[in-house]
Amino acid sequence: MPIDSSLVGLSGTPAWTSWTSKDALLYALGVGAGQPDPLDELEFTTENSEATPQVVLPTFANVAFVGGGPSLPDDVDFTKVLHASQALSLTGPLPTDGRVETTGTITGVYDKGSGALVMTETVARDSVGQIVGTLESGLFLRGYGGFGGERGPSDSWELPTGKPDRVVTYTTRPDQALLYRLSGDRNPLHSDPAFSARGGFPTPILHGMCTYGYAGRALLHTIADSDPKRFRGMSGRFSKSVLPGQTITTSIWVDGTDVRFRTVDESGDAVIDKGTATIH
């Protein structure tokens, strides 16, 4: 099956997926919660701290809602596949133990010349059929462009010109990718140096969704007062890979209900660009 617009509309088989308190705790550690002070963020990293009931990081939905999606053709070279963008929307906070039915659909395939951009939407519903959240993901397939398709819609996002309202800096661990992969993404691009070398990377890179989780924590703690009930969504484009052990900084601009952010690496290059968030 070719990588072109003929894939649009292809859906996977609805699948039930569940998680436990332990899964949510492991995810929190995987995106840096409790670093460098393990006594910080105990509500996300422990389930039995006195007067501190466990709550779930909103970005955990990105791993909790995985399933039921269509597969790319078997002949795709996955060393050439990069996560290009991710958007998350939630109707409310996630429980520490939960179960949802997820269905994924390919919503767009765009010709970017050097590659193809494949967009998918995954809808998660609870046991009575109510939508609890939606994921929109973009995958960039290097070398699969040039099929004559549309380039895709334009983006009106602009980087604010004023000083950011909040700036949050986190340093990832050298083994951050090995920890994050335990939440489900076992792509060897993030752990196997031989595999990452075939993809053109000198060393395994950090998962884009791990970097996304770090940015989500920055937004949650600075704009939503660390309250998952107020955090209803975020989106961003992955513009550069992060290496485990690097320091990343998220700058956040707030204008009423308009929240924009940008995350950069140690050299000042954007690693997540065109970021937005929905905070109640």
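Taking (1) in contact with a Phe, Trp or Tyr (Cβ under 7 Å, 6 or more places away or on another chain); (2) surrounded by fewer than 19 Cβ atoms within 10 Å (Cβ to Cβ) in turn, Gly148 satisfies each apart from (1). Looking at Phe261, Phe238, Phe201, Phe195, just one residue is under 18 Å from Ile279 (Cα atoms) and of a type in the set (Phe, Trp, Tyr), and that residue is Phe261. Residues in the range 36-54 that are over 14 Å from Leu26 (Cβ atoms) and among the aromatic types (Phe, Trp, Tyr): 0 in all. Of all residues in the range 174-196, those that are surrounded by fewer than 17 Cβ atoms within 10 Å (Cβ to Cβ) and under 25 Å from Asp37 (Cα atoms) total 4. For the range 12-24, a residue qualifies if it is hydrophobic (A, V, I, L, M, F, W, C) and buried (at least 20 other Cβ atoms within 10 Å of the Cβ), and the qualifying residues are Trp19, Ala24.
The single condition from (1) of a type in the set (Ser, Thr, Tyr); (2) within 19 Å of Tyr180 (Cα to Cα); (3) outside any strand (DSSP E or B) that Ser18 fails is (3). Exactly one residue out of Gly256, Gly268, Gly213 is of a type in the set (Gly, Ala, Ser) and buried (at least 19 other Cβ atoms within 10 Å of the Cβ), and it is Gly213. Of the residues making up the range 135-180, those that are assigned to a loop (DSSP other than H, G, I, E, B), acidic (Asp, Glu) and in contact (Cβ under 8 Å) with a residue 40 or more places away in the chain are Glu150, Asp155, Asp165, Asp175. The set of residues from the range 194-209 being under 19 Å from Arg173 (Cα atoms) and of a type in the set (D, E, K, R) is empty. Condition test on Val123, is it in contact with a Ser or Thr (Cβ under 7 Å, 6 or more places away or on another chain), part of a strand (DSSP E or B) and of a type in the set (A, V, I, L, M)? When the stated conditions are applied, Val123 passes them.
When you look at Thr203, is it in contact with a strand residue (DSSP E or B) (Cβ under 7 Å, 6 or more places away or on another chain), in contact (Cβ under 8 Å) with a residue 12 or more places away in the chain and of a type in the set (Val, Ile, Thr), yes or no? No; evaluated as a whole, the condition is false for this residue. Restricting Val76, Val109, Val132 to residues that are within 25 Å of Ala215 (Cα to Cα) and either among the charged types (D, E, K, R) or not in a helix (DSSP H, G or I) (or both) narrows the list to Val132. Applying the set (1) free of Cβ contacts under 8 Å to residues at least 60 places away in the same chain; (2) in a strand (DSSP E or B); (3) of a type in the set (A, V, I, L, M, F, W, C) to Ala84 leaves exactly one unmet item: (1). Search the range 1-56 for residues being touching a residue at least 24 places away in the same chain (Cβ under 8 Å) and aromatic (Phe, Trp, Tyr), and hand back the single one that is nearest to Cys210 (Cα to Cα). Ranking the qualifying residues of the range 1-56, first place goes to Tyr27. Test Gly92 against the criterion of being closer than 20 Å to Val123 by Cβ, modelled with pLDDT of 95 or more and not in a helix (DSSP H, G or I), and give yes or no. So Gly92 passes the test.
Residues checked against (1) of a type outside the set (A, V, I, L, M); (2) closer than 22 Å to Leu90 by Cα; (3) in a loop (DSSP other than H, G, I, E, B); (4) modelled with pLDDT under 95:
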position	(1), (2), (3), (4)
Leu182	no, no, no, no
Phe201	yes, no, yes, yes
Cys210	yes, yes, no, no
Gly216	yes, yes, no, no
Leu220	no, yes, no, no
Val259	no, yes, no, no
Lys274	yes, yes, no, no
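Could you check how many residues of the range 34-73 are surrounded by fewer than 21 Cβ atoms within 10 Å (Cβ to Cβ), in a loop (DSSP other than H, G, I, E, B) and of a type outside the set (D, E, K, R)? Residues that pass the stated criteria total 17.
The values are calculated or read from the model by the stated rules, or taken from the named source; none is laboratory data. In this text, all values refer to a predicted model and were calculated from it rather than measured experimentally. Quick reminder, even Gly has a Cβ in these numbers, built from the backbone with ideal geometry, and neighbours come from all protein chains shown.
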